[in-house]
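Presented below is the structure to which this report refers.
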């Protein structure tokens, strides 16, 4: 009852403020209901929380894909079933020329007149945090918090001139292109470091007949291993002056960042390894942080070994254990056998990769600032 009354009050305020400035979404889009009758497309797509299409994780063996919905270039698809639970509408626009198929439960639509409402401008609007926040108020009382199609159509947005829309999209895309370019440069730098690792420690090395001074060690002999605990009581989803210590979980998006807290539990240079979901994903952590949700932490006894251990573990095909749900545990990792080169060789590798890592960090910092500019541009769309 409390949520229902609160929702009505907030919606009334939103509707009052938007009465003149904003336009009803449903007056500018139309549903598309084309099915995959010829079965030309056999791989369904889903939508991730970052609002991009991705290969569907659903098991479609034996499923009749002829009833799946077709999405063509510049058309949208969204999943309205779990908005209340996820506090976000999985929504994406198809940018490629090749059509895809999505679940029959998805709502597929297109802009009625692109000369009045630019599709890419609309996708920018859908990407705003405020859009998802407002959508949450339209969800029903179901546990999953589904959102009705009519509720989506009744949502409103500002529609400036088509020229202004194109300008806004161009500004956003300029930032996006720079971010993509930096990511490509980061990938090349990472490949350079991996090539150096293989050249120094893999190519021509026989594990059964190691060079002089090299040895096989268990991971527990050269590092301390810990597992992440509960989320800190002092916690913020955004970084602030007080909440500036990163909290890492098992996710791989945004390097596993979950939020921020006030005090670190890990202060040494270390490696984190995802133990749930995507098993074995490694990150080198150089600043103090807090690991949570059983995220595995590897703290080298000698900090100068951190670079080498990261690349060694990252190159391994680490798999989890468990009969019901795959997982990785500290005892699993402690038994891992590590080839340990000479101290001089490890330190030389660390010295060379440190230069590469600094270049990567510079590009990552630039991308953070570019992403902040994108967020600012999205926020200004509602002003």
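Scan region 251-277 residue by residue and report those that are assigned to a loop (DSSP other than H, G, I, E, B), over 16 Å from residue 49 (Cα atoms) and either without any contact (Cβ under 8 Å) to a residue 40 or more places away in the chain or touching a helix residue (DSSP H, G or I) at 6+ places or on another chain (Cβ under 9 Å) (or both). Steps first, please.
Residues of region 251-277 that are assigned to a loop (DSSP other than H, G, I, E, B), as a first pass: 251-252, 262-265, 267-269, 274-277.
Imposing the further condition that a residue be over 16 Å from residue 49 (Cα atoms) reduces the set to 262-265, 267-269, 274-276.
Matches in region 251-277: 262, 263, 264, 265, 267, 268, 269, 274, 275.
Checking residue 172 against (1) in a strand (DSSP E or B); (2) touching a helix residue (DSSP H, G or I) at 6+ places or on another chain (Cβ under 6 Å), which test does it fail?
So the condition that residue 172 fails would be (1).
Looking only at region 50-70, filter to residues that are surrounded by 15 or more Cβ atoms within 10 Å (Cβ to Cβ) and under 23 Å from the mean Cα position of the chain (by Cα); which one of those is farthest from residue 149 (Cα to Cα)?
The qualifying residue farthest from residue 149 (Cα to Cα) is 56.
In this structure, is residue 355 modelled with pLDDT of 90 or more, under 25 Å from residue 180 (Cα atoms), more than 26 Å from the chain's Cα centre (by Cα) and not in a loop (DSSP other than H, G, I, E, B)?
When the stated conditions are applied, residue 355 passes them.
Can you spot a residue in region 4-22 that is at pLDDT 90 or above and outside any loop (DSSP other than H, G, I, E, B)?
No; the residues of region 4-22 include none that is at pLDDT 90 or above and outside any loop (DSSP other than H, G, I, E, B).
For the subset of region 192-243 comprising residues that are free of Cβ contacts under 8 Å to residues at least 24 places away in the same chain and touching a strand residue (DSSP E or B) at 6+ places or on another chain (Cβ under 6 Å), which member is surrounded by the most Cβ atoms within 10 Å (Cβ to Cβ)?
Ranking the candidates gives 243 first.
A quick yes/no check of all residues on (1) touching a residue at least 24 places away in the same chain (Cβ under 8 Å); (2) in the same structural domain as residue 164 (by TED's automatic domain parsing); (3) out of contact with any helix residue (DSSP H, G or I) (no Cβ under 6 Å at 6 or more places or on another chain):
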site	(1), (2), (3)
308	yes, no, no
312	yes, no, yes
318	yes, no, yes
329	yes, no, yes
332	no, no, yes
362	no, yes, yes
365	no, yes, yes
368	no, yes, yes
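Picking from 194, 184, which residue would you name as being in a helix (DSSP H, G or I) and within 25 Å of residue 95 (Cα to Cα)? Write out each step before concluding.
Details: 194 fails: within 25 Å of residue 95 (Cα to Cα).
Answer to the selection: 184.
State all residues of region 41-75 that are touching a helix residue (DSSP H, G or I) at 6+ places or on another chain (Cβ under 8 Å) and free of Cβ contacts under 8 Å to residues at least 24 places away in the same chain; if no residue qualifies, say none.
42
The values are calculated or read from the model by the stated rules, or taken from the named source; none is laboratory data. Just so we're clear, the structure is a prediction, and the values are computed from it rather than from any experiment. Quick reminder, even Gly has a Cβ in these numbers, built from the backbone with ideal geometry, and neighbours come from all protein chains shown.
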